[in-house]
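Visitor: Once you've had a glance at the structure underneath, I'll fire off some questions.
Every number in this text was worked out from the coordinates using simple rules, so none of it is lab data. A quick note: this is a predicted structure, and the numbers were derived from the prediction, not measured. Backbone-built Cβ (ideal geometry, glycine too); neighbour counts: all protein chains shown.
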Amino acid sequence: MMQKLIKVGNSKALTISRQILNQVGDVDMAKVQFEASKKRLIVDFNPQEVIDSVIDPEVYSVAKNLLKRYDKAFAELAKK
């Protein structure tokens, strides 16, 4: 699959199709590796591996629950 890169400020963003998101499930994070020698970007959606490698699982769980619980309040604050 070929995917267009989108300019975001001084960076480029890669969108992930709905078809792929449906297969990987509800994910908030992904582990990204770049293999410079092969010019290859690897995106790993394995949730437990991503959480364990990026952040303490207990901290992640608490943060996710807070965001879910206070989603509307955070959205209102962001408007101000």
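Visitor: Across the range 37-44, in residue order, what do the Karplus-derived ³J(HN,Hα) couplings come to in whole Hz, using 6.51 cos²θ - 1.76 cosθ + 1.60 with θ = phi - 60° and x for Gly and Pro?
Guide: 5, 9, 6, 10, 10, 10, 10, 10
Visitor: For the chain, report the % of Cα-Cα distances exceeding 15 Å.
Guide: Considering the chain, 72 percent of its Cα-Cα pairs are separated by more than 15 Å.
Visitor: For the pair N10 and L67, how long in nm is the line joining their label points, each one 7 Å along Cα→Cβ?
Guide: Label-label distance for N10 and L67, simple model: 2.6 nm.
Visitor: Step through the table entries K4/K79; K12/K39; K7/K68; K39/K64; K4/K68; K31/K80, compare each Cα-Cα distance with 24 Å, and write down the pairs that go over it.
Guide: Numbers: K4/K79 30 Å; K12/K39 15 Å; K7/K68 29 Å; K39/K64 33 Å; K4/K68 31 Å; K31/K80 32 Å.
Over 24 Å apart, Cα to Cα: K4/K79; K7/K68; K39/K64; K4/K68; K31/K80.
Visitor: How much net charge surrounds K68 when only other residues with a Cβ under 14 Å from its Cβ are counted (Lys, Arg +1; Asp, Glu -1)?
Guide: After counting each charged neighbour, the total is 0.
Visitor: Please list, by residue number, everything in the range 1-33 whose backbone N is under 17 Å from a paramagnetic label point 7 Å out along Cα→Cβ of F74.
Guide: What the label zone holds, given the 17 Å backbone N cut-off, is 26-30.
Visitor: Tell me the mean residue ellipticity at 222 nm calculated for the chain from its helices only (DSSP H runs of n ≥ 4, each -39500 (n - 2.57), averaged over every residue, nearest 500).
Guide: Calculated mean residue ellipticity at 222 nm is -13000 deg cm²/dmol.
Visitor: Among residues other than A13 whose Cβ falls under 13 Å from its Cβ, what is the net charge (Lys/Arg +1, Asp/Glu -1)?
Guide: That works out to +3.
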